[in-house]
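Only one structure is covered here, and it is reproduced in the block below.
The values are calculated or read from the model by the stated rules, or taken from the named source; none is laboratory data. Everything numeric in this text was worked out from a predicted model, so none of it was measured. Cβ placement follows ideal geometry from the backbone for every residue including glycine, while neighbour counts extend to all protein chains displayed. Quick note on the areas: whole protein, heavy atoms, side chains included, nothing else; ligands and nucleic acids left out. Shrake-Rupley method; radii C 1.70, N 1.55, O 1.52, S 1.80 Å.
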Protein chains: 2
Amino acid sequence: MPNPDSLLARAEHLEQLRAAMARHGVDALIVPSSDPHLSEYLPGRWRGRQWLSGFTGSAGTLVVTQHIAGVWADARYWEQAEIELAGSGYTLMKVPAAASLLHIDWLAANLLPGQVVAVDANVLGLSTARLLTEALSNRGIGLRTDLDLLDEVWSQRPGVPPGAVFEHVAPHAVTTRAEKLTATRAAMAHLGANRHFMSTLDDIAYVLNLRGADVSFNPVFVAHLLVEPNGATLFIEPGKIDQALQQRLRADGVELAPYVDAAAALSALKIDSALLLDPRRITAGMRAAVASQVKVVEAINPSTLAKSRKTAAEVAQVRDTMEQDGAALCEFFAWLEGALADRANGKLTELMIDEQITAARARRPGFVSPSFGTIAGFNSNGAIMHYHATAESHAVIQGDGLLLIDSGGQYLGGTTDITRVMPVGEITADHRRDFTLVLKGVIALSSARFPRGTRSPMLDALARAPIWAHAIDYGHGTGHGVGYFLNVHEGPQSISQSAMPEPHTAMEAGMITSVEPGIYRPGKWGIRIENLVHNTIYATNEFGHYLQFETLTLCPIDTRCLDTSLLREDELAWLNNYHSMVRERLSPLVSGAALEWLTARTARVAA
Amino acid sequence: MPNPDSLLARAEHLEQLRAAMARHGVDALIVPSSDPHLSEYLPGRWRGRQWLSGFTGSAGTLVVTQHIAGVWADARYWEQAEIELAGSGYTLMKVPAAASLLHIDWLAANLLPGQVVAVDANVLGLSTARLLTEALSNRGIGLRTDLDLLDEVWSQRPGVPPGAVFEHVAPHAVTTRAEKLTATRAAMAHLGANRHFMSTLDDIAYVLNLRGADVSFNPVFVAHLLVEPNGATLFIEPGKIDQALQQRLRADGVELAPYVDAAAALSALKIDSALLLDPRRITAGMRAAVASQVKVVEAINPSTLAKSRKTAAEVAQVRDTMEQDGAALCEFFAWLEGALADRANGKLTELMIDEQITAARARRPGFVSPSFGTIAGFNSNGAIMHYHATAESHAVIQGDGLLLIDSGGQYLGGTTDITRVMPVGEITADHRRDFTLVLKGVIALSSARFPRGTRSPMLDALARAPIWAHAIDYGHGTGHGVGYFLNVHEGPQSISQSAMPEPHTAMEAGMITSVEPGIYRPGKWGIRIENLVHNTIYATNEFGHYLQFETLTLCPIDTRCLDTSLLREDELAWLNNYHSMVRERLSPLVSGAALEWLTARTARVAA
C-alpha cells in the first residue's frame, strides 16, 4: 500500500515537525511503532511513524533530528522500506532482527551531552523507557517524555476508534467474567497487591470476556482496566458499550469511565494502595501518573499467564474449531488444485487465493474474521517472510514451483494459524529436500516431551537441528503463543532464539503454540509448515511433570513435495498417523471435491 | 573431610566474629565462596566460609547476623552440608541450583532499613556487587565493603600460596607470549582501551604462557596482570618466579611487582588512560581502586574469548594427549575388570579406583596432575553428583550394579575430562534403559550441526530430548568449556539451561566443550557419559558458517550396558564408528591385557 500522502506533503510535515522540535528545545524525536496499549496492530491514531514517513511495515522506529530523519527497521522490511521511503527525506537504517532498540545506541553515540531527546511517554513501554533513560543519562543527554509533538503537526489525526464492543459468551467463553476477576484478585493478593492496572488490550478482553474490532485481525478494543478489591473500572471511549452490556458488566462490579480518565485515576489512588503493574505491558506515561506514595509491585500481568493456559473446555472448543477450519481448508484446496490445473490461462493470482481462503472460512460456523493478513506467495514471493499480496502488487501463478499459504481465522471458539506449501506443476529435487527438512523440523518439535517449566526458547533448537544438519537455517522464531479468540501472537511463551529464557517463558499445561520452521531461498522459493500444538501432561513421576504436544491443526501436509529417502521410519510413521487423524476427523465435515481432495492428500506414504 | 576444628572452636570463632561485627556496627556479614581472583578452587587463605562453618563444599555462601548464622548451598551439597554443619551453630539454607544469589533476597527481606551489611570488596565480584547494592539500597539497607572482618578473628590464616611458577613452552605452548600480548593489545584497541587489568588466574596464565600449582587441579598461580601499550606488570608474591624466568618475561616487556601493589597501580593510572575491565572477572575492590577520572571500558576479557578458541596446533596437541589419556584408561580399565572379577574378597574400594586411574595417567608422557578430584561412585554413590571417595568415607565394591567413574588429567598438551559407566556383575533392564538413553543424548548432541554463533545454551535441549522422551531429566548442565592445560571448567560457552544465552556464549570454531548428559536415581544408581568435543567448520554457504563437533575423547563406551532395541540405526552406526576410531588410534599405544580389553570393548554391536 503506497502512502496516500504525496512526497511533498511528507516533506512539509517533516519541516513542521522540526519547527515544533525547535520550539520546544528538542534535538531528537523518537516516534516508536507503538500505542498506549503496546499493541502489535495499531489503530490509525497511533500510526504516526507511518503517517510521517510513508513506511507501512508493522515494526520500525522513526528518529528525527534537525539534520537526519531515519526509520530503523529490521531485515524483514528492508525491501519494502527502500521502496516506500524513496524520496521521502527519511533514510532507512538497517538493524539486525533481534536488535530492535539499536536506535537508542545511535542516539547515545550521535548526540552531544546536554542535548535533549523527546519521546511521548504515552506510547513508550516502561521497560523500554528504563533502557532509554539509562543509555542517554550515561552520556549526559536529556530525555523529555511529556510532549506529544505529533499532535502539533498532524491536523487530521484520527481519534480513538469508536467501534462497538461485544460480549464473548458461553458456550465459547467457558470461564465467567466473575471467575476471571476473582482469579485476578487472588493473583494480586499473592503478589501483595490490592490494585492492578492493565493497558494491554488482549489482557483486558480476556479478563472481561469482551471483544471488539478496533484494529485488524485481533478482536480487541481500546481501553484500560483498573481492578480493585471490590470492583473494577474500565476506561473506554463513551458509546462503545451499549446499555444492556453496561448492565451486565455492572452486575460483575465493573463500572465504566471515560478513556481519557485512566491516568487521573492512577494519580488519585489512595496512598495505602499496593498497585500491581507489568513493566513490559504498561507505558512510562501511566507509570508516571501513579502517586509517588503508592507502593508499586512489578510482575507479569496475572491474566497474561492465565490466558496462555487454556482450560480443558477451551481446548475442546479449539478442537471443534480446528475441524471447521480444516474443513474450510479442504474446500479451499480442492478449488485451488482445480484452478492450478487451468493456470495456463493466466487468471489465477495470489490475491484470489486470499479471497477464496477467507470465503471458505466465512462459510463455517463461528467464523469472525481472518486472524492476520493472508500470506500467499508463489516461488520467490514465498521467500519474503512478511509478503502480503495486494490489489496493487501481486503475482499471477504461472509456470512451476512452490506456493506457500499462511493464513488463519478468528472463530468464537478459537484462533487458527496454519501454513502449508503445495507443488505447482513439476518441482525439483531441491524443492523436495527443503520441504522434507522443514517437515522433519516440525516432526522433531511436535514429538518432543519435556519437563513442565522448561523455558520455551530452549526448545527452539529441536526444530532447527534437522535443518541445521544440512547447513541451512531460517531467520524467524519457531513458535509463538496463540490466543483463544484473541491475538494470534500472544505470550508469554516463545519458542525462539531471540527470546531470553526468563522464568515467565516457562512451558505450562494448556498452552497453545505454533510450530513453524521454514527454509527461505531469496529469489527462488520459501517453505514453511505450521501447525498449532497444545501442551498436555504426558507423565508425572519422581522427575516431575512432563509435557507433550497435541497437534491441534487439521490439514494435510502435501506429500507430493516429499523426498521420502530423507525421512526416518519414525518420522514417516508420525506423518501417516497425522494424516489418518486428519482424514478421520475432517471426512464427516466435507463432501464432493473437498472430500476427494482430503482422501487423496491423506493417503498413506510408503518408505 | 570433616572440619579439623572442633565444634567448640567454631562456636568461639562465631562469637568473636559477632563481636567484631558489633565493634564495626555491622548487622550482617557475608562471606562468599570466593577469592580476589573469583576462582573456582580457592587457596586456603580464602576458605573463610569453610574455616568458620566447617562446610567444605566448593560452592556456598555464609551469612552471619547477631541472631542467625547460615550457609546458603544448592541441592548438590545438602546431604554433605547437613552432616558437616551439625551442631556448628550454622543453619543450612537450601537454595535451588540456579539461584546462587538468593541470600541477597534474604538479606533484603530480613534486615531493616538503616541496618548495615558488610562484605569484603576484595573477594566480591563486581557484577555481584552491583546486584547486591541495588537490592539493599532499594530497601534502605546500608552496605560496607571496606572491612575484612575475617582477618580480625582468623589468627592462623594462611598466606598467599608461595609455590613456584613455571613456563608453558613449545611444543605444547604453540602461541608465544609476545603474540598473545600483541593480540590482547589489538583487542583492547578495538574496544577503545589502552590499559587492561586482569584478575582471573586462567586468563593470566594463558596470556603469559605461565603455569603454577597454587590450587588443586587447575595449574594456575595467584597474581594480577596490568597490560599497558608498551609493557605489562605482573603483580605476584616475591619468590614465585626465578631469575631466569624473570629475564624471559622482561624480554617480552613483562615486569614484576609485589602482589599487594595491584590496587595501588590502578589508583595511580594516568587520567588519560582508558582501562578495559571485565565486570564478571574482577572484584568490586579492584574496580573501586581505579581513579575516578580514568575512563573505564567494560567488556569480556579478550583472553577469555581467545583461549576458548583453540588453535589448530593446540587441537593437534590435544588429539595426541587424548591418545595418551585413552591408553592410560585402557590400562586402568583392564586392571579394574580383573579386580572386579575378584570383588567377592571385599578388597576393591572406590578409593583404589581413584589411586589406580591417577597412577595409570602418571605413567603417560606430559602428565602433570589430575584435572579434578576423581569421582568413582558405585550404585547409590554414583547418584550423588559431586561424590568424592575419601580415606574416611568410601564404599567397598561388592555385589552387582553400575560403577560411575568421572576423571581427568592435566597434561602439558591439554586437559582431559571423561566419564564412563561400567556394569558390575549382573545388571537389570532398568540399568540398560537409563544407560542407553544417556548414550542417545550424547549421540544427539555430538552429531549436531549448527550455525557458528549459535548461543551455546540453546544446544542443551538436543542432549536432553531423548531422555525427556522417557520423562526423565538430569539436574546439571550438559557441557562446559575446557582449557588447554588450564582450568577444566572454563567459559565463555556453556551448554546449560541455567546459563542465559547472551552474546558471549556463542559457539565459535576451535572451542572444546564437554558433552555429559546423565540420569540419577537417588539411592539406586547414577549414569553419566562424558566426552570432550571440538568445534570444527562443517560448511560455509549462503546461510553462513556451520559448525560440527569432532569427538576428541578416546575410550570405549561400555556396550554391555546397552539396550540396543532403544537405539536407531543411525545411533548404532555412530557408536560403531566411534569404537572403530578408538580402537584404531589407541591400539598402537597399549599391549597385553590393556590391548585385549580395548579390542573386546570396541567390538562391533549388531542391532
Seminar exercise, completed: Of the residues in the stretch A:556-573 that are within 20 Å of A:Val533 (Cβ to Cβ) and part of a helix (DSSP H, G or I), the one that is nearest to the other protein chains (Cβ to nearest Cβ) is A:Asp570
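Condition first: charged (D, E, K, R) and open to solvent by 10 Å² or more (accessible area, probe 1.4 Å). Now tell me which residues in the stretch B:421-436 satisfy that.
Narrowing the stretch B:421-436 to residues charged (D, E, K, R): B:426, B:430, B:432-434.
Across the stretch B:421-436, the qualifying residues are B:Glu426, B:Asp430, B:Arg432, B:Arg433.
Can you spot a residue in the stretch B:577-596 that is acidic (Asp, Glu), more than 14 Å from every other protein chain (Cβ to nearest Cβ) and within 28 Å of the chain's Cα centre (by Cα)? Steps first, answer last, please.
As a first pass, look at the stretch B:577-596 and keep what is acidic (Asp, Glu): B:584, B:596.
Still in the running and more than 14 Å from every other protein chain (Cβ to nearest Cβ): B:584, B:596.
When the remaining residues are screened for being within 28 Å of the chain's Cα centre (by Cα), the result is none.
No, the stretch B:577-596 contains no residue that is acidic (Asp, Glu), more than 14 Å from every other protein chain (Cβ to nearest Cβ) and within 28 Å of the chain's Cα centre (by Cα).
Restricting to the stretch B:540-555, name every residue that is more than 11 Å from chain A (Cβ to nearest Cβ) and part of a strand (DSSP E or B).
From the stretch B:540-555, those more than 11 Å from chain A (Cβ to nearest Cβ) are B:549-555; that's our starting set.
Across the stretch B:540-555, the qualifying residues are B:Phe549, B:Glu550, B:Thr551.
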Exercise. Taking A:Ser456, is it more than 10 Å from chain B (Cβ to nearest Cβ), small (Gly, Ala, Ser) and either closer than 30 Å to A:Gly338 by Cβ or buried (at least 21 other Cβ atoms within 10 Å of the Cβ) (or both)?
Worked result: yes
For this session: Tell me, please, whether a residue that is within 17 Å of A:Ser199 (Cα to Cα), open to solvent by 10 Å² or more (accessible area, probe 1.4 Å), of a type in the set (A, V, I, L, M, F, W, C) and assigned to a strand (DSSP E or B) can be found in the stretch A:227-239.
Result: no
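Considering only residues of the stretch A:338-368 that are outside any loop (DSSP other than H, G, I, E, B) and either of a type in the set (Lys, Arg) or at positive phi (or both), which is least open to solvent (accessible area, probe 1.4 Å)? Give the steps one after another, and end with the answer.
Within the stretch A:338-368, the subset outside any loop (DSSP other than H, G, I, E, B) is A:338-341, A:343-345, A:349-362, A:367-368.
Now narrow it down to the ones that are either of a type in the set (Lys, Arg) or at positive phi (or both): A:343, A:361.
On the way: A:Arg343: 46, A:Arg361: 5 Å².
By that ranking, first place goes to A:Arg361.
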Seminar exercise, completed: Within the stretch A:481-507, the residues that are of a type outside the set (Ser, Thr, Tyr), assigned to a strand (DSSP E or B), crowded, with 20+ Cβ neighbours inside 10 Å and within 14 Å of chain B (Cβ to nearest Cβ) are A:Ile495
For this session: Scan (1) open to solvent by less than 10 Å² (accessible area, probe 1.4 Å); (2) part of a loop (DSSP other than H, G, I, E, B); (3) away from every other protein chain (no Cβ under 14 Å) for the single condition A:Ala471 breaks and write down its number.
Result: (3)
Seminar exercise, completed: Looking across the stretch A:508-539 at residues that are more than 13 Å from chain B (Cβ to nearest Cβ) and in a loop (DSSP other than H, G, I, E, B), the single one that is most open to solvent (accessible area, probe 1.4 Å) is A:Ala509
For this session: Tell me, please, whether a residue that is open to solvent by 10 Å² or more (accessible area, probe 1.4 Å), within 14 Å of another protein chain (Cβ to nearest Cβ) and more than 30 Å from B:Pro501 (Cα to Cα) can be found in the stretch A:385-403.
Result: no
Problem set entry | Any hit, the stretch A:384-401, residues being at pLDDT below 95, among the hydroxyl-bearing types (Ser, Thr, Tyr) and part of a strand (DSSP E or B) | no
For this session: Return yes when B:Ala448 is among the aliphatic types (A, V, I, L, M), out of contact with any strand residue (DSSP E or B) (no Cβ under 6 Å at 6 or more places or on another chain) and at the interface with chain A (Cβ under 8 Å from one of its Cβ atoms) and no when it is not.
Result: yes
Seminar exercise, completed: Per the filter on the stretch B:75-88, residues farther than 20 Å from B:Ala9 by Cβ, touching a Leu at 6+ places or on another chain (Cβ under 9 Å) and open to solvent by less than 60 Å² (accessible area, probe 1.4 Å) are B:Tyr77
For this session: Sort out which residues of the stretch A:60-69 are in contact with a His (Cβ under 8 Å, 6 or more places away or on another chain) and open to solvent by 10 Å² or more (accessible area, probe 1.4 Å), and write them in order of number.
Result: A:Thr61
Problem set entry | Output for the stretch B:7-59, where each listed residue is at positive phi and open to solvent by less than 10 Å² (accessible area, probe 1.4 Å) | B:Gly54
Exercise. Looking only at the stretch B:437-452, which residues are surrounded by fewer than 21 Cβ atoms within 10 Å (Cβ to Cβ) and outside any helix (DSSP H, G or I)?
Worked result: B:Ser447, B:Arg449, B:Pro451, B:Arg452
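Hey, does the stretch B:201-223 have a residue that's over 26 Å from the mean Cα position of the chain (by Cα), open to solvent by less than 10 Å² (accessible area, probe 1.4 Å) and among the aliphatic types (A, V, I, L, M)? Reasoning before the result, please.
Within the stretch B:201-223, the subset over 26 Å from the mean Cα position of the chain (by Cα) is none.
No, the stretch B:201-223 has no match at all.
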Seminar exercise, completed: In the stretch A:181-193, anything in contact with a Lys or Arg (Cβ under 9 Å, 6 or more places away or on another chain) and modelled with pLDDT of 95 or more is listed as A:Met188, A:Ala193
For this session: Exactly one condition in (1) within 23 Å of the chain's Cα centre (by Cα); (2) open to solvent by 40 Å² or more (accessible area, probe 1.4 Å); (3) not charged (D, E, K, R) is not met by A:Gly382; state its number.
Result: (2)
For this session: Could you please give the count of residues in the stretch A:476-522 that are among the hydroxyl-bearing types (Ser, Thr, Tyr) and out of contact with any helix residue (DSSP H, G or I) (no Cβ under 7 Å at 6 or more places or on another chain)?
Result: 3
Seminar exercise, completed: Those residues of the stretch B:265-291 that are in a helix (DSSP H, G or I) and open to solvent by 60 Å² or more (accessible area, probe 1.4 Å) come to a total of 3
Exercise. B:Ala461: within 9 Å of chain A (Cβ to nearest Cβ) and either open to solvent by less than 10 Å² (accessible area, probe 1.4 Å) or touching a residue at least 60 places away in the same chain (Cβ under 8 Å) (or both), yes or no?
Worked result: yes
